[in-house]
């Protein structure tokens, strides 16, 4: 990713925005093709795919809600280290990954799952770049936060 700093936020290049849009559109098309034509379906029973996908999607929605409610109420340019941020540094990214993978399982779409994995890898790469930006923006406060909250977005894993 070649995102650039702009004020207190990172901006993504037009090419990155287009690539992310193409991946999300591909996930939608892949899900439709899997459902209508049975193309490249995950080897799961429909009920199992819906259960796994629904659960991942629901967890992603809960995380998204927790993050969005905290962020919209409290963020005013300062570092937030409480609430869900006490457990992970990037809950919004985890919520996106869970939503995308959940959709892939729900529709049992191999195409969507492959694209969700690519999107997840791009997010992981982007997190490293964002953390460099946050270290520049908040300095020692962010460095201390990184030591206290060791997990980027999957507690006890990553």
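Coordinate-derived values only; no laboratory data. These figures come from a predicted structure and were not determined experimentally. Cβ: placed from backbone, ideal geometry, glycine included. Neighbour counts: every protein chain shown.
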In the range 23-53, which residues are in a loop (DSSP other than H, G, I, E, B), surrounded by fewer than 17 Cβ atoms within 10 Å (Cβ to Cβ) and in contact (Cβ under 8 Å) with a residue 24 or more places away in the chain?
39, 40, 44
Matching residues, the range 83-103, being touching a residue at least 60 places away in the same chain (Cβ under 8 Å) and within 14 Å of the chain's Cα centre (by Cα):
88, 89, 90, 91, 93, 94, 100, 103
